[in-house]
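For reference, the structure discussed in these notes is given below.
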Amino acid sequence: MRLTAKGEYGVRAMTILALDFRTGPVPLREIAMRENISYQFLEQIVLPLRRAGLINSVRGAKGGYALARPPEQIKVGEIVRVLEGPIAPVGCVADGNEESCARSPACLTRGIWEKLRDRMEQVLDEITLADVICVPNIKDE
């Protein structure tokens, strides 16, 4: 699975909101400037994140966006799933697609893709936004 710019920028934007979690909402223009992301593209990214309940929007002069939950309660995997869909290297092993492949019972490579999917999900679901802002580089232990 290769993340699109939407997934990458979404995680970066959420990281900014995690950094500023205690200080209040962050205007979208500020996030765009700090991360060098197009404001218009960022507008498209925050909508699904808000609909999924990961962020809240605050109107007014001191408005902007804020995390809906503390950074330690938001996993990177949640963000990726909202913006990219199911985490899977091939479509036939994506959640909800298990029965979509007629070759499934005889597929010799399916186990590889399932194992890869499981590992990708495990890594993304182990890392919270709190981990991202506290650890400069996440490395294998």
Exclusive hit being surrounded by fewer than 16 Cβ atoms within 10 Å (Cβ to Cβ), more than 13 Å from the chain's Cα centre (by Cα), of a type in the set (G, A, S) and on the phi > 0 side of the Ramachandran plot, set G85, G60, G53 | G60
Residues of the stretch 33-46 satisfying the condition of being within 16 Å of A66 (Cβ to Cβ) and of a type outside the set (D, E, K, R) | L42, I45, V46
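Residue by residue, here is whether (1) touching a residue at least 24 places away in the same chain (Cβ under 8 Å); (2) over 30 Å from K115 (Cα atoms); (3) surrounded by fewer than 18 Cβ atoms within 10 Å (Cβ to Cβ) holds:
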{"site": "L17", "(1), (2), (3)": "yes, yes, no"}
{"site": "R34", "(1), (2), (3)": "no, yes, yes"}
{"site": "Q40", "(1), (2), (3)": "no, yes, yes"}
{"site": "L47", "(1), (2), (3)": "no, yes, yes"}
{"site": "P70", "(1), (2), (3)": "yes, yes, yes"}
{"site": "G77", "(1), (2), (3)": "yes, no, no"}
Do you know which residues across the stretch 7-31 are of a type in the set (D, E, K, R), modelled with pLDDT of 95 or more and over 18 Å from the mean Cα position of the chain (by Cα)?
-> R29, E30
Selected residue (only one of I87, I133 is in a helix (DSSP H, G or I), touching a helix residue (DSSP H, G or I) at 6+ places or on another chain (Cβ under 9 Å), within 25 Å of A13 (Cβ to Cβ) and modelled with pLDDT of 75 or more) = I133
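The values are calculated or read from the model by the stated rules, or taken from the named source; none is laboratory data. Every value quoted in this text rests on a predicted model; they were computed, and no experiment measured them. We place every Cβ from the backbone using ideal geometry, glycine too, and count neighbours over all the protein chains shown.
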